[in-house]
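S.K.: Structure incoming, see below.
Values quoted throughout were computed directly from the atomic coordinates according to the rules given, and no laboratory measurement underlies them. This is a predicted model, so every value here is computed, not measured. Here the Cβ positions follow ideal geometry from the backbone for every residue, glycine too, while neighbour counts run over all protein chains shown.
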Amino acid sequence: MEKKLPIVCPSCESELKVNSMHCESCSTTISGMFELPLLLKLSRKEQDFILDFVKASGSLKIMAGKLGLSYPTVRNMLDDLIGKIEKLQNTPQL
């Protein structure tokens, strides 16, 4: 079973930050307070949609066929995702 990277606190639902990173190859550890990249703040389903969309060369028609949904439905999904990304980009960082 693949472990999923948590992006919100399971206790208070605040956004989590990265505290340290470790290189398994040379055992270097970097500590600090780092923001998660914007795309990691999206759900796994949203990330998968973006990957599939890029692999479909940005074609909503191909996406609709792949997902078994209508073109307008996929267009609405993309519009919702764009709105969420814009909201995340405009959220002030603490």
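S.K.: Within region 1-31, work out how many residues are under 30 Å from Gly83 (Cα atoms), not in a loop (DSSP other than H, G, I, E, B) and not aliphatic (A, V, I, L, M). Walk me through how you get there before you give the answer.
M.R.: The first filter runs over region 1-31 and keeps only residues under 30 Å from Gly83 (Cα atoms), leaving 2-19.
Cutting the leftovers down to not in a loop (DSSP other than H, G, I, E, B) gives us 8, 15, 18-19.
Going one step further and asking which of them are not aliphatic (A, V, I, L, M), we end up with 15, 19.
Of the residues in region 1-31, 2 are under 30 Å from Gly83 (Cα atoms), not in a loop (DSSP other than H, G, I, E, B) and not aliphatic (A, V, I, L, M).
S.K.: If you don't mind, there's one more thing I want to ask. For region 29-73, how many residues are closer than 19 Å to Lys4 by Cα and among the small types (Gly, Ala, Ser)? Write out each step before concluding.
M.R.: So the first thing to find is which residues in region 29-73 are closer than 19 Å to Lys4 by Cα, and the list is 34-51.
Then drop every residue that is not among the small types (Gly, Ala, Ser), which leaves 43.
Residues in region 29-73 being closer than 19 Å to Lys4 by Cα and among the small types (Gly, Ala, Ser): 1 in total.
S.K.: Taking the stated definitions as given, is Ile62 assigned to a helix (DSSP H, G or I) and either over 20 Å from the mean Cα position of the chain (by Cα) or surrounded by 10 or more Cβ atoms within 10 Å (Cβ to Cβ) (or both)? Steps first, answer last, please.
M.R.: Numbers: assigned to a helix (DSSP H, G or I): yes; either over 20 Å from the mean Cα position of the chain (by Cα) or surrounded by 10 or more Cβ atoms within 10 Å (Cβ to Cβ) (or both): yes.
Criteria met by Ile62.
S.K.: Being touching a strand residue (DSSP E or B) at 6+ places or on another chain (Cβ under 7 Å), surrounded by 11 or more Cβ atoms within 10 Å (Cβ to Cβ) and acidic (Asp, Glu), is that true of even one residue in region 66-82?
M.R.: Initially, region 66-82 is screened for residues touching a strand residue (DSSP E or B) at 6+ places or on another chain (Cβ under 7 Å), giving none.
Scanning region 66-82 turns up no residue that is touching a strand residue (DSSP E or B) at 6+ places or on another chain (Cβ under 7 Å), surrounded by 11 or more Cβ atoms within 10 Å (Cβ to Cβ) and acidic (Asp, Glu).
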